[in-house]
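The values are calculated or read from the model by the stated rules, or taken from the named source; none is laboratory data. Keep in mind that this is a model prediction, so the values were computed, not measured. Cβ placement follows ideal geometry from the backbone for every residue including glycine, while neighbour counts extend to all protein chains displayed. Side chains are part of the model used for accessible areas, which takes the heavy atoms of the whole protein and leaves out ligands, DNA and RNA. Shrake-Rupley method; radii C 1.70, N 1.55, O 1.52, S 1.80 Å.
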Amino acid sequence: MARADFWDLLGAIPGIPGTLLPLIELRAYLLSTRATVSRDVLTAILDALQDIIPLKG
């Protein structure tokens with residue numbers, strides 16, 4: 001998520017040429033989406049593992 005935040009900050013710098021700004025915003029969006037999907041998939045995997053192998057406690 002930190003990399004997506006970096007690209008968001010980079011896109012907020014004034015004076016970036018017109019074509020470059022949408023590319024920076026796209027990169028930030030893709031990194032943010034990938035981080036969210038990875039987190040959701042990891043959560044689903046951990047939930048499935050916990051159903052298969054319940055923790056004793």
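Summary table
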quantity	calculated
Residue within the stretch 1-12 that is open to solvent by 80 Å² or more (accessible area, probe 1.4 Å), part of a loop (DSSP other than H, G, I, E, B), among the basic types (Lys, Arg) and at pLDDT below 80 present	no
Long-range neighbours under 7 Å by Cβ, at least six apart or interchain, first residue closer than 25 Å to Asp5 by Cβ within the stretch 35-57, second aliphatic (A, V, I, L, M)	Ala35/Met1; Ala35/Ala4
Filter result (part of a loop (DSSP other than H, G, I, E, B) and surrounded by 12 or more Cβ atoms within 10 Å (Cβ to Cβ)) within the stretch 13-43	Ile16
